[in-house]
1. With n ≥ 4 as the cut-off for DSSP H runs, can you work out [θ] at 222 nm for the chain, using -39500 (n - 2.57) per run divided by the number of residues, rounded to the nearest 500?
2. Evaluate the relative contact order of the chain (contact order divided by residue number), counting alpha-carbon pairs under 8 angstrom at least 6 apart; express in whole percent.
3. Where a Cα-Cα gap under 22 Å defines reach, which lysines qualify for residue 304, not counting those fewer than 8 residues away within the same chain?
4. All other residues with a Cβ under 9 Å from the Cβ of residue 235 taken together, and with Lys, Arg as +1 and Asp, Glu as -1, what is their net charge?
5. Bin width 20 Å, origin at 0, all Cα-Cα pairs of the chain: what percent of pairs per bin?
6. When ranked by the protection proxy of mean other Cβ atoms within 10 Å per residue, highest first, what sequence do the peptides 384-393, 312-321 form?
7. Would you mind getting the accessible area per residue of the chain, heavy atoms of the protein chains only, 1.4 Å probe, in Å²?
8. For the pair residue 379 and residue 271, what calculated FRET efficiency results from E = 1/(1 + (r/R0)^6), where r is the Cβ-Cβ distance and R0 = 25 Å, to the nearest 0.05?
Amino acid sequence: MTKKLNTVFAMVLLFAHLPAMAGDKAEPVIQLLSKAYNADKLKNLNSIKIYDYNKSLWPGQDESPDLPDFWKLKETLLIDFVKQRKSLLSWREVRTVTDFEQYISSKEGGRVYDLVYQKYFDDSWYNYSNTGRSIERSSDTLIAKQLLENTAQLSFDGLAQYRGVEHYQVSLPLFGNSPHQILIDSRTGVIAKVTAKHARAGELVYVFSNHKSKAGISYARDLSYFVGGKARKVSIYRNLDLNPDTQRAFQEPAGFSAWGKPAAPSAKGPRLLGHGVYLVGSGRSQSIFVEADDYYIASGGGRKLDKNYQSLLAKTGSNKPLKYVVLPHHHTEHLQLIKPALALNASIVTSSNALALINKTLGRDISKEELLLVDKEAALGDVRILKLATAHAAENLVLYLPKQKMLYSHDHFGTIYENGTARPFKDMKTFIGKVNELELDIETYIDGRSPRLLSSKEVKSIIGRYKSPICAK
């Protein structure tokens, strides 16, 4: 009995000392980190301005299936810690569009100013938490601030060799997400690498290097970001300002007007657009269905294609099969409709440059019986499937409905507003130019994600206002 009591007592002592042991091991790391990032100053900043210029790679989003798309971003994020608000100035260059915008946000929501067209829109998603989140995740300084403000939750995970140098391993949930593993240089105390797991994308890795100090606060002048083992972003220029003036950054630009009234969420069930033409779903999950004599033709909807089709049948009382599903182009979000389309025994209508990605999506080669390839044009009943080349994709398939005088496409035009003008952009002008060359009789343009249809007159007016902005620096 005495032996058992002694054993229990020893175990109690052991477990009682475990937190203290973990704390003892973490303390030197905290001290080193505090020195590298000037903890007293960093934790008591009123505001900070982060400069983040980079090039981002987006696999599967170029005009060609074989190459990633490049985004060039020049962004500055000003965070007011005292009043809990943010101002993000963002210049984005993509092959299809150039944006220059300012986001001003608080805990309640935000407003986005289009500095090219002097318009704005309000969106509650752009709040103090969400605005500029990708910049915060890419800042070793702001990560250090979170570590120093949450030392009690910091987990010490031992030592690791990284690039031939001993590093401390610690972990902490960052920015409200799952735990991140952080490597801290045992010589200098700067953050060298941050790793996290993403349910779908795999491992996310941020590599920080070429550190510099401002007022004793370290920051990495170089960043490389990897997703699933592949490069996703590389830095061009990185800097920071400490306690910058906040008054000017949060002044609302003068002379701006609203883009329009945001369209209400799509009504439940299909919308009849014209004889035998239905739009079902909303946003990225929106599908078009065109009724033929004894079957339907569809496009769009991604993973929700089957749900949208069942909704259509319930609304119309029809039992016509879905015979053809048109893949707009090879981009990742559109490939999501392949499996549900084949599960409905529909044939995939596509161009040849998407075949390899279709096979990769399926994990097998698609059969000839499941496929209808479009060279330049194909006719499905009264519906004409046309192939057009734009900067968005080299081989776009669009649906032209001669009887209804409608044209349906993805990612080339559209608006989220039920009134007011739509924003013009470069590839919209290119696309409409291609369509005009075909001399089609079109009265209505239907975008695969837009809740609002655009008249031919509206489209002509929109592209007539297009501007080509140039970044001054």
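1. About -6500 deg cm²/dmol.
2. 12 percent
3. Qualifying lysines at Cα under 22 Å: 268, 315, 320, 323, 339, 360.
4. Numbers: positive: 55, 221, 233, 238; negative: 52, 222.
Neighbourhood net charge equals +2.
5. Reading the bins upward from 0: 20, 44, 28, 7, 1.
6. Put in order of decreasing packing, that is 384-393, 312-321.
7. On the way: 23430 Å² over 473 residues.
Here the per-residue accessible area is 50 Å².
8. 0.50
The values are calculated or read from the model by the stated rules, or taken from the named source; none is laboratory data. This structure is a prediction, so every number in the text was calculated from the model and none was measured. Neighbour counts run over all protein chains shown; Cβ positions are idealised from the backbone, glycine included. Calculation scope for accessible area: heavy atoms of the full protein, side chains included, ligands and nucleic acids excluded. Shrake-Rupley method; radii C 1.70, N 1.55, O 1.52, S 1.80 Å.
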